[in-house]
Structures are given as C-alpha cells and as structure tokens.
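Student: Here it is, the structure, as structure tokens.
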Amino acid sequence: MWSVSTSRYAADFKVQQYLGRWFEITKLPAAFERGKCIEANYALRKDGTIEVINKQMETPGTLTPIEGTAVVKNQLEPAKLAVSFSYTSPPGTYWVLYTDYTSVSVVYSCTDVMRLFHVEFAWILARNRTLSEETVSRAERELERAGVQLCRLIPTDQTECDTEL
C-alpha cells in the first residue's frame with residue numbers, strides 16, 4: 001500500500017542528467033543510515049543498469065560504501081526505479097518525485113515487508129552538501145504534495161565531511 005500519491009513522480013525524468021554525485025540533506029529516518037556525510041553516486045553501466053554507490057561516515061574520517069544496482073522497470077515511467085543492494089532481498093522502489101538535475105532531487109521509496117508491515121523512506125538530495133532554505137522549502141512542498149509527513153523528516157549532518165574521502 002502506497003501512502004504517497006502514485007501519480008506524483010517526475011514524468012519527464014532523464015536518467016542521463018540524474019547521474020553523478022548527490023548529497024543527502026534530509027530524510028525520513030532509516031535504520032541503515034546512522035552516519036553523517038551521506039552521499040550517493042549514480043553511474044551508467046555498459047549493460048544499461050545504474051551503479052549505485054552510497055557512502056556514509058560512521059566513524060570519523062572513514063566513508064563506508066555500499067554498492068547496489070538500479071534499473072528503470074518501465075521506459076514509460078523512467079523516474080520509477082528499482083534499487084537493490086543485495087541478491088537475497090527484493091529490489092526496493094526509488095521514485096524521483098522532482099529534480100532540476102543541477103541542485104536538488106526529491107525521492108520517495110516504499111516497501112511492504114512480508115506483508116506484515118509497511119516501511120517508507122523519503123530523501124531530499126542536493127548536488128552540494130548544503131541547500132538554500134528556499135530550495136529546501138520547494139523540495140518539502142513536493143514531499144508534502146505527495147503525502148509525506150514533513151514533521152517526520154530529520155536533517156542529515158553534512159558538516160566536517162572531507163570531500164576527498
């Protein structure tokens with residue numbers, strides 16, 4: 001069951017423009033993201049899938065990576081991707097609700113775990129470690145329009161991050 005409006009996603013999404021490095025600005029809490037300096041890098045592979053490398057700093061000075069794969073499941077809905085970080089678990093959803101490709105992206109994900117409970121994730125990502133208040137407000141409006149409760153968002157610490165790590 002989706003709590004976000006299923007019709008809200010970037011209908012004219014262009015994967016090629018989305019590729020590259022994104023920094024997490026704020027999110028719905030996620031157990032797998034406990035660090036700071038969280039970032040994601042997307043690169044196109046020769047087979048057409050997207051390499052996903054997420055990193056976070058759990059101990060000072062060390063970015064811990066995890067690698068996954070994203071695929072566009074339906075070319076008519078390119079903003080709806082499926083992402084997997086393990087061969088043993090089913091792919092999760094990764095919907096780009098809004099992006100301008102150069103500064104901000106708004107992403108939503110939702111999973112039903114064994115039909116027992118529902119888990120939802122949302123992120124505001126940026127090409128830089130900070131975003132203007134105006135841009136964050138714009139991104140939050142996109143999440144709110146999609147049905148995400150803004151009061152549940154928590155900021156990601158992007159301070160004291162060595163960009164060379």
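Student: For region 118-130, indicate whether the set of residues that are in contact (Cβ under 8 Å) with a residue 60 or more places away in the chain, in a loop (DSSP other than H, G, I, E, B) and of a type outside the set (D, E, K, R) is non-empty.
Tutor: Taking every residue of region 118-130 in turn, at least one turns out to be in contact (Cβ under 8 Å) with a residue 60 or more places away in the chain, in a loop (DSSP other than H, G, I, E, B) and of a type outside the set (D, E, K, R).
Student: On to the next question. Of all the residues that make up region 32-49, how many are within 23 Å of Lys14 (Cα to Cα) and either of a type in the set (D, E, K, R) or touching a Ser or Thr at 6+ places or on another chain (Cβ under 7 Å) (or both)?
Tutor: To start, the set of residues in region 32-49 that are within 23 Å of Lys14 (Cα to Cα) comprises 39-49.
Add one more test, that the residue is either of a type in the set (D, E, K, R) or touching a Ser or Thr at 6+ places or on another chain (Cβ under 7 Å) (or both), and what stays is 39, 45-47, 49.
Here the count works out to 5.
Student: Next up: On the given criteria, is Val52 closer than 28 Å to Cys151 by Cα, in contact with a Ser or Thr (Cβ under 7 Å, 6 or more places away or on another chain), among the hydrophobic types (A, V, I, L, M, F, W, C) and surrounded by 19 or more Cβ atoms within 10 Å (Cβ to Cβ)?
Tutor: Numbers: closer than 28 Å to Cys151 by Cα: no; in contact with a Ser or Thr (Cβ under 7 Å, 6 or more places away or on another chain): yes; among the hydrophobic types (A, V, I, L, M, F, W, C): yes; surrounded by 19 or more Cβ atoms within 10 Å (Cβ to Cβ): yes.
Considered against the rule, which asks whether it is closer than 28 Å to Cys151 by Cα, in contact with a Ser or Thr (Cβ under 7 Å, 6 or more places away or on another chain), among the hydrophobic types (A, V, I, L, M, F, W, C) and surrounded by 19 or more Cβ atoms within 10 Å (Cβ to Cβ), Val52 comes out as no.
Student: Filter region 39-78 for residues that are of a type in the set (Asp, Glu), in contact (Cβ under 8 Å) with a residue 12 or more places away in the chain and farther than 19 Å from Ser105 by Cβ and give the result. Spell out how you get there, then give the answer.
Tutor: First, pick out the residues of region 39-78 that are of a type in the set (Asp, Glu): 39, 47, 51, 58, 67, 77.
Going one step further and asking which of them are in contact (Cβ under 8 Å) with a residue 12 or more places away in the chain, we end up with 39, 51, 58, 67, 77.
Within region 39-78, Glu58, Glu67 qualify.
Student: Which members of region 65-86 meet the condition of being under 18 Å from the mean Cα position of the chain (by Cα) and farther than 18 Å from Leu97 by Cβ?
Tutor: So the first thing to find is which residues in region 65-86 are under 18 Å from the mean Cα position of the chain (by Cα), and the list is 65-73, 77-86.
Result: Pro65, Ile66, Glu67, Gly68, Thr69, Val71, Ser84, Phe85, Ser86.
Student: Of (1) of a type in the set (Gly, Ala, Ser); (2) in contact with a Lys or Arg (Cβ under 9 Å, 6 or more places away or on another chain); (3) at pLDDT 95 or above, Ser5 satisfies all except one. Which?
Tutor: Failed condition: (3).
Student: Pairs, please: C-beta under 7 Å, at least 6 apart or cross-chain, first residue on the phi > 0 side of the Ramachandran plot and in region 145-165, second modelled with pLDDT under 95?
Tutor: Gly147/Ser3; Gly147/Val4; Gly147/Ser5
Student: Then there's this: Hey, could you check region 108-133 for residues that are at pLDDT 95 or above and over 13 Å from Pro155 (Cα atoms) and say which is nearest to the chain's Cα centre (by Cα)?
Tutor: Arg127
Student: Suppose we filter Leu28, Leu19, Leu76 for residues that are modelled with pLDDT of 85 or more, touching a helix residue (DSSP H, G or I) at 6+ places or on another chain (Cβ under 9 Å) and among the hydrophobic types (A, V, I, L, M, F, W, C); which single one remains?
Tutor: On the way: Leu19 fails: touching a helix residue (DSSP H, G or I) at 6+ places or on another chain (Cβ under 9 Å); Leu76 fails: touching a helix residue (DSSP H, G or I) at 6+ places or on another chain (Cβ under 9 Å).
After ruling out the rest, the residue left standing is Leu28.
Student: In region 49-105, what residues are of a type in the set (Ser, Thr, Tyr) and touching a Pro at 6+ places or on another chain (Cβ under 6 Å)?
Tutor: Step one: of region 49-105, the residues of a type in the set (Ser, Thr, Tyr) are 49, 59, 62, 64, 69, 84, 86-89, 93-94, 98-99, 101-103, 105.
Result: Ser84, single match.
Student: When you check Thr62 against the structure, is it at pLDDT 90 or above, polar (S, T, N, Q) and more than 15 Å from the chain's Cα centre (by Cα), yes or no?
Tutor: Numbers: at pLDDT 90 or above: no; polar (S, T, N, Q): yes; more than 15 Å from the chain's Cα centre (by Cα): yes.
So Thr62 fails the test.
Student: Let me ask something additional. I need every pair where a residue in region 21-33 that is of a type outside the set (A, V, I, L, M, F, W, C) has its Cβ under 6 Å from the Cβ of a residue that is surrounded by fewer than 18 Cβ atoms within 10 Å (Cβ to Cβ) and assigned to a strand (DSSP E or B), sequence separation at least 6 or different chains.
Tutor: Going by the 6 Å Cβ cut-off, the qualifying pairs are Arg21/Asn41; Thr26/Pro155; Pro29/Ile154.
Student: Determine whether Leu81 is in contact with an Asp or Glu (Cβ under 7 Å, 6 or more places away or on another chain) and over 24 Å from Asp162 (Cα atoms). Don't jump to the end; show me each part of the working.
Tutor: Values: in contact with an Asp or Glu (Cβ under 7 Å, 6 or more places away or on another chain): no; over 24 Å from Asp162 (Cα atoms): yes.
So Leu81 fails the test.
Student: Related question: When you look at Ala139, is it surrounded by 17 or more Cβ atoms within 10 Å (Cβ to Cβ) and modelled with pLDDT of 95 or more, yes or no? Can you show your working first?
Tutor: Numbers: surrounded by 17 or more Cβ atoms within 10 Å (Cβ to Cβ): yes; modelled with pLDDT of 95 or more: yes.
So Ala139 passes the test.
The values are calculated or read from the model by the stated rules, or taken from the named source; none is laboratory data. Computed from a predicted structure; not experimentally measured. All Cβ positions, even for glycine, are placed from backbone atoms using ideal geometry, and neighbour counts span all protein chains on display.
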